[in-house]
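**Q** Pasting a structure here, questions to come.
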Amino acid sequence: MKLSKIAALMIMAGTLAACGDNNDQQTASKAALLPEYQDRLGIYKTVTLNADLSHLSDNQRKMLSLLIEASDIADSLFWQQAFGQDKDSFLASISDDKVREFARINYGPWDRLNGDKPFLTGYGEKNPGVQFYPSDISKAEFEQATFADKNGLYSLVIRNESGQLSTIAYSEAYSDEVNRIAVILEKAATFADDKEFANYLKMRATAIRTDDFQASDFAWMDMKKNPIDVVIGPIETYEDQLYGYRAAFESYVLVKDMAWSEKLAKYAQYLPELQKGLPVDKKYKAETPGSDADLNAYDVIYYAGHSNAGSKTIAINLPNDEQVQLEKGTRRLQLKNAMQAKFDHILVPLAEQLIVPEQRKHITFNAFFANTMFHEVSHGLGIKNTVNNKGTVRQALKEHASALEEGKADILGLYMISQLLDKGAITEGQLEDYYVTFMAGIFRSVRFGASSAHGKANMVRFNYFQEQGAFERNEQGFYSVNIEKMGAAIDSLSNLILTLQGNGDYQGVAKLVADKGLISPDLQSDLAKLTSANIPVDITFIQGKKVLGLN
């Protein structure tokens, strides 16, 4: 048994190394910045990621320090999954400080906010399957092959001794790193004042060792009073752009903002009622979303792995496990300090360049916060399993599942806001605030490019709204929202997306993304105004124990 494991690991290592062959035409030491990228090195605004920890106990501060250490290991695992080459030697080979920092932010030589195009000489196109699959695999070979855990979240696809496709579990492939994370989480549990959080940390350690995360996901959902949180492990599947099956390692270390969390607690109870009112046929809303869900605001104090690559996440909706979602709902974590940084440094100056002057008063942080929050809440609405026995929506839609799900969350978030305003559940602002801020938010997100799931969702929505007359562009290049037509477009696009998901209509989604998931020349020209105005595309962080005073 031990010999077969070592053999499998040796085959895996050779396979993964091969993944980089077509992207390593020159050695890393010879890599240089491509000339056309000289003006993109400053697209990230550097922000110090800090939070008030004065209310935490000594034990809680020790626990935070340990959680950051565990996060650093998760970060190294994501480098292996996304790039494959040794991180330290790759970065050390880049002599220019700005270029090296750009490579660090992107976790490799491909620009995540520009269609994953290579920005260093010596590297070709990014493999859509990155290090999750053999570099020479074709979709035809994969789909015709039969092997264990073929569509698994927590395994790598490799070639076995005879060259046939097989899998190796993350816990085996990354056994050293996984065990180190688990040991640190177990140690952190000894410092936890909250018993439920201590239990979660121990269960998460077991989950990472065994690739079985459902029990720890249920435990995470049962926590209610923990002032500190950590989201760690292989979670999102966006990095797998070949099929969207395999999860990438990441971590967030979080401190709850109690005051803001109390303001949000009331919204989860409306989910079952809002599900019934969705603008789609009954069979596409027959599932009942769990209402035992949490809406909370946090200050994020550390990002690692997938969450730290390229654009930074400002809200989290987890777990992704469909069974947990149906039984317990999800937890929606709003990362308030990161969100405020994006609002101040990007959204407000962006609106001055692209939104008509008379509507700029409707750009508010409360609306930005709510739009982001209800995006996450809306992941719990709609349908998780197809209506025609094609399995889960994720399985049926394959690599298009993430993009359509993000589009659904965006559009149903606006639907929720309009409904809750009508019910008087939301009392801050008016509908124009949410719609106009949402429009500005599209421009912010579109700058991330159209290669990621979020990017494709942004473009589908933008182009659909444009066709429906939900917004207009004047001769000066300023955009204005048509409130009435926006509402109608939200309903019709909601119907379209929910129907595609419920039917598991892979071809229909592929056509939608192909037709509307593109950035037009006119839009590209408008976005160039933002570059000329030196408005950053996204933020990057100075973060860690030293920043937080945890040394």
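The values are calculated or read from the model by the stated rules, or taken from the named source; none is laboratory data. None of the values given here were measured: they were computed from a predicted structure. Cβ atoms come from the backbone with ideal geometry, glycine included; neighbour counts cover every protein chain shown.
**Q** Just checking, does segment 312-335 include any residue being without any contact (Cβ under 8 Å) to a residue 12 or more places away in the chain and over 16 Å from the mean Cα position of the chain (by Cα)?
**A** No - not one qualifying residue is present in segment 312-335.
**Q** I'm told Glu141 meets every condition in (1) over 26 Å from the mean Cα position of the chain (by Cα); (2) assigned to a loop (DSSP other than H, G, I, E, B); (3) modelled with pLDDT of 95 or more except one. Can you identify the failing condition by its number?
**A** (2)
**Q** Further question on the same structure: Could you give me the residue pairs with C-beta distances under 7 Å whose first residue belongs to segment 125-138 and is of a type in the set (Val, Ile, Thr), whose second residue is modelled with pLDDT of 95 or more and assigned to a loop (DSSP other than H, G, I, E, B) wherever it lies, and which are 6+ apart or on separate chains?
**A** The qualifying pairs are Val130/Glu239; Ile137/Gly129.
**Q** Quick check: anything in segment 487-495 in contact with a helix residue (DSSP H, G or I) (Cβ under 6 Å, 6 or more places away or on another chain), farther than 23 Å from Ser378 by Cβ and buried (at least 18 other Cβ atoms within 10 Å of the Cβ)?
**A** No: zero hits.
**Q** Test Val460 against the stated conditions and say whether it is β-branched (Val, Ile, Thr), part of a helix (DSSP H, G or I), under 30 Å from Ile68 (Cα atoms) and in contact (Cβ under 8 Å) with a residue 12 or more places away in the chain.
**A** no
Yes/no per residue for (1) within 19 Å of Lys336 (Cα to Cα); (2) outside any loop (DSSP other than H, G, I, E, B); (3) aliphatic (A, V, I, L, M); (4) in contact (Cβ under 8 Å) with a residue 12 or more places away in the chain:
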{"position": "Glu352", "(1), (2), (3), (4)": "no, yes, no, no"}
{"position": "Lys361", "(1), (2), (3), (4)": "no, yes, no, no"}
{"position": "Phe368", "(1), (2), (3), (4)": "yes, yes, no, yes"}
{"position": "Leu397", "(1), (2), (3), (4)": "no, yes, yes, yes"}
{"position": "Glu405", "(1), (2), (3), (4)": "no, yes, no, yes"}
{"position": "Gln419", "(1), (2), (3), (4)": "no, yes, no, yes"}
{"position": "Ala425", "(1), (2), (3), (4)": "no, no, yes, yes"}
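**Q** Assess whether Ser166 counts as being more than 23 Å from Gln325 (Cβ to Cβ) and part of a strand (DSSP E or B).
**A** Answer is yes for this residue.
**Q** Please determine whether any residue of segment 524-535 is buried (at least 20 other Cβ atoms within 10 Å of the Cβ) and in contact with a His (Cβ under 7 Å, 6 or more places away or on another chain).
**A** No, the conditions are met nowhere in segment 524-535.
**Q** While we're here: Pairs, please: C-beta under 7 Å, at least 6 apart or cross-chain, first residue free of Cβ contacts under 8 Å to residues at least 24 places away in the same chain and in segment 181-196, second among the small types (Gly, Ala, Ser)?
**A** Glu186/Ala205; Ala189/Ala198
**Q** Just wondering, is there one or more residues in segment 338-355 that are out of contact with any Leu (no Cβ under 8 Å at 6 or more places or on another chain), under 21 Å from Thr427 (Cβ atoms), of a type outside the set (S, T, N, Q) and surrounded by fewer than 18 Cβ atoms within 10 Å (Cβ to Cβ)?
**A** No; the residues of segment 338-355 include none that is out of contact with any Leu (no Cβ under 8 Å at 6 or more places or on another chain), under 21 Å from Thr427 (Cβ atoms), of a type outside the set (S, T, N, Q) and surrounded by fewer than 18 Cβ atoms within 10 Å (Cβ to Cβ).
**Q** State whether the residues of segment 237-254 include one that is in contact (Cβ under 8 Å) with a residue 40 or more places away in the chain, among the β-branched types (Val, Ile, Thr), under 21 Å from Asp72 (Cα atoms) and surrounded by fewer than 22 Cβ atoms within 10 Å (Cβ to Cβ).
**A** Scanning segment 237-254 turns up no residue that is in contact (Cβ under 8 Å) with a residue 40 or more places away in the chain, among the β-branched types (Val, Ile, Thr), under 21 Å from Asp72 (Cα atoms) and surrounded by fewer than 22 Cβ atoms within 10 Å (Cβ to Cβ).
**Q** If Leu242 satisfies every condition in (1) closer than 25 Å to Ser155 by Cβ; (2) at pLDDT 90 or above; (3) touching a Lys or Arg at 6+ places or on another chain (Cβ under 7 Å) but one, which is the exception?
**A** Of the numbered conditions (1) closer than 25 Å to Ser155 by Cβ; (2) at pLDDT 90 or above; (3) touching a Lys or Arg at 6+ places or on another chain (Cβ under 7 Å), the odd one out for Leu242 is (3).
**Q** Checking Glu161 against (1) assigned to a loop (DSSP other than H, G, I, E, B); (2) under 23 Å from Ala74 (Cα atoms); (3) touching a residue at least 24 places away in the same chain (Cβ under 8 Å); (4) over 23 Å from the mean Cα position of the chain (by Cα), only one condition comes out false. Which one?
**A** (2)
**Q** May I ask you to verify whether Gly382 is on the phi > 0 side of the Ramachandran plot, in contact (Cβ under 8 Å) with a residue 60 or more places away in the chain and in contact with a helix residue (DSSP H, G or I) (Cβ under 8 Å, 6 or more places away or on another chain)?
**A** yes
**Q** Let me ask something else. Within segment 78-107, restricting attention to residues that are more than 20 Å from Asp240 (Cα to Cα) and of a type in the set (Val, Ile, Thr), which residue is modelled with the highest pLDDT?
**A** Once the filter is applied, the top-ranked residue is Val99.
**Q** On the given criteria, is Thr210 surrounded by fewer than 22 Cβ atoms within 10 Å (Cβ to Cβ), closer than 30 Å to Leu56 by Cβ and polar (S, T, N, Q)?
**A** The answer is no for Thr210.
**Q** The conditions are (1) under 24 Å from Ile535 (Cα atoms); (2) part of a helix (DSSP H, G or I); (3) under 24 Å from the mean Cα position of the chain (by Cα), and Asp433 fails exactly one of them. Which is it?
**A** (3)
**Q** Hey, does segment 301-316 have a residue that's out of contact with any Leu (no Cβ under 9 Å at 6 or more places or on another chain), surrounded by fewer than 24 Cβ atoms within 10 Å (Cβ to Cβ) and more than 15 Å from Ala338 (Cα to Cα)?
**A** Looking through segment 301-316, none of the residues is out of contact with any Leu (no Cβ under 9 Å at 6 or more places or on another chain), surrounded by fewer than 24 Cβ atoms within 10 Å (Cβ to Cβ) and more than 15 Å from Ala338 (Cα to Cα).
**Q** Tell me, please, whether a residue that is in a helix (DSSP H, G or I) and farther than 16 Å from Asp321 by Cα can be found in segment 380-395.
**A** No, that holds for no residue.
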